[in-house]
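The values are calculated or read from the model by the stated rules, or taken from the named source; none is laboratory data. None of these values were measured; they are calculated from a predicted model. So basically every Cβ, Gly included, is an ideal-geometry build from the backbone, and we count neighbours across all protein chains shown. Quick note on the areas: whole protein, heavy atoms, side chains included, nothing else; ligands and nucleic acids left out. Shrake-Rupley method; radii C 1.70, N 1.55, O 1.52, S 1.80 Å.
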Amino acid sequence: MNLKFHNKKITGILTVLPENEVNFDDEIDNYDFSRGQSMKLKLIMGYGKRRVVKEGTTVSDLCIYGLNYLFDNNLLKKEDVDAMVLVTQSPDHFVPATSHIIQGKLDLKRDMICLDINQACSGYPVGLNQAFMLLEQDEVNKVVVLNADIMSRKVSVKDRGSRPITGDAAAITIVENNPSNNVIYGTVNVDGKGAESLIIPAGGFKMPSTPETAELKTDKSGNSRSLDHLVMKGDDIFTFVQKEVPPMIENLLDKASKNKDEVDYYMFHQPNKFMLKKLADKMGVPYTKMPNNIVENFGNASGVSIPTTITYNLGEKLLTNSYLICLAGFGAGLGWASFLLEMGNLDFCETIDYDN
Amino acid sequence: MKKKIIDFLTEIRPEFDFAASNNFIEEGMLDSFDIVSLVASLDEEYGISIDGTEILPENFSNVDSIYRLLINNGVTE
């Protein structure tokens, strides 16, 4: 589905990285593979350092820490927050919505909208889409989009496919109405037939967690995981991304009457180095325009990876400059979504460490 | 080129005789991570980027299918 919004603007992005840093080299012995194989994959896939939460740290903790940072530094006023959208697959509880918990703990005003959205790697454009729609309301002038996930808690320590790339993080994006006459183009796509390609089978109402669902089983590739863990059919996801993302971007640029060279940056979800490099090659986009350094430095934190890519790679540049940026997220659902927008002259654009 | 393909395969999984097999996938000789390693080696060796939509198990089932994949991606003998 094609989307089009007028007079909206991102005015600030903050990424919050959790306190623990894990190095792939220290985990190699967890996996049932030769050291040589693992070291080769390290280079190809971008396995490196990743940030993960300590036991007990939740999505709401990361978000509250980041929001307090903005309040304390006068980058955001509590009374200005008219809506808060939390995009996460790892809520604090099934009930109530984690966005409500955050609203309560921060003592935000009651006259506001709070909602949780369950989206994975396409969660950044999906959250922005929701924010843009909320801003159509007369009484909504500022929306806080929270992307946060702690999926490291759901990945088996013996899963070489998912464990070395999975990180945790939160990001806060402020979206406002913009008096200048700008247009933002977007697309959102869903294919629920691929729902099982990336899934945590147990732990919900369909298959509650039991001692049996916690039993580790080894697949034919030597990865061990249980039904309580994240299960990724890596080759299905890879093929889906290579097949669907390039035409999505082509269509997006066509709707915006832009060619690919006019885009300053392609800030894409960061699944792994190999997949993103293949995407850039297929799209004919120079690697310099598509940063690919988040997995190796922080890990893939699902829907948080796009704002992390922006704050880590552009940071202060976005305080004074403006760029035409193409955002794209793709993953579980299956879902894939994108936006093309002018971004710049932000009030803040930085990466901070969570310090409990 | 086929000898080079076998050399790369053997480097990735030295325990198997790739010259003697006609279906690496069905016989469990290659998994998806092995294919990723092989693609990276072939890309580097031949200065190409194998199209992501062609990185499918069936294109890595034997030496001939890998050979055809390379030809389709612009490699010449």
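Before moving on, here are some points about what is shown:
- Overall form of chain B per C-alpha gyration tensor (a/c, 1.5; a/b vs b/c): prolate
- Of the residues A:Asp264, A:Asp25, A:Asp219, the one that moves most in a GNM of chain A with alpha-carbon contacts below 10 Å is A:Asp219.
- Think of a 1.4 Å ball rolled over the protein heavy atoms: the protein assembly as shown then has 43 Å² of accessible area per residue.
- Among beta bridges identified by DSSP and lying wholly in the protein assembly as shown, the antiparallel ones come to about 70 percent.
- Summed buried accessible area for B+A [probe radius 1.4 Å, Å², rounded to 100]: 1500
- B:Ile48/A:Leu43 FRET efficiency (R0 25 Å; Cβ-Cβ; nearest 0.05): 0.85
- Think of the protein assembly as shown as a dipole: +1 on every Lys or Arg Cβ, -1 on every Asp or Glu Cβ, centred on the Cα centre; then among A:Ile199, B:Pro14, A:Asn7, A:Asn7 lies furthest on the positive end.
- Overall, the anisotropy analysis places the stretch A:242-356 in the oblate class: the square-rooted eigenvalues a ≥ b ≥ c of its C-alpha gyration tensor yield a/c not less than 1.5, with a/b not exceeding b/c.
- In order along the stretch A:302-314, the Karplus-derived 3J(HN,Hα) couplings, from 6.51 cos²θ - 1.76 cosθ + 1.60 at θ = phi - 60°, round to 6, x, 7, 5, 5, x, 5, 4, 5, 5, 6, 8, 10 Hz, and Gly and Pro are given as x.
- Using only side-chain charges placed at the Cβ, +1 for Lys and Arg and -1 for Asp and Glu, the dipole size of chain A relative to its Cα centre rounds to 960 debye.
- Two-site FRET efficiency, A:Glu244 against A:Lys54, from Cβ-Cβ distance with R₀ of 56 Å, rounded to 0.05: 0.95
- Between the beta carbons of B:Lys4 and B:Glu26, assuming R0 = 22 Å, the FRET efficiency works out to 0.40 to the nearest 0.05.
- In plain terms, if you count all Cα to Cα distances in chain A and split them into 20 Å steps from zero, the share in each step is 31, 60, 9, 0 percent.
- Tensor-based shape of the stretch A:310-355 (alpha-carbon gyration tensor, a/c under 1.5 rounded, otherwise prolate or oblate): oblate
- In loop segments of the stretch A:173-269 as defined by DSSP, the chymotrypsin sites (Phe, Trp or Tyr not before Pro) with at most 13 further C-beta atoms inside 10 Å of their C-beta are A:Phe205.
- Dipole magnitude of the stretch A:93-138, debye to nearest 20 (Cβ charges: Lys/Arg +1, Asp/Glu -1, about Cα centre): 180
- Modelled label reach - B:Glu77, point 7 Å along Cα→Cβ, the stretch B:1-44 residues with backbone N closer than 20 Å: B:1-8, B:19
- Hydrodynamic radius of the stretch A:1-122 by the Kirkwood approach over all distinct alpha-carbon pairs: 17.7 Å.
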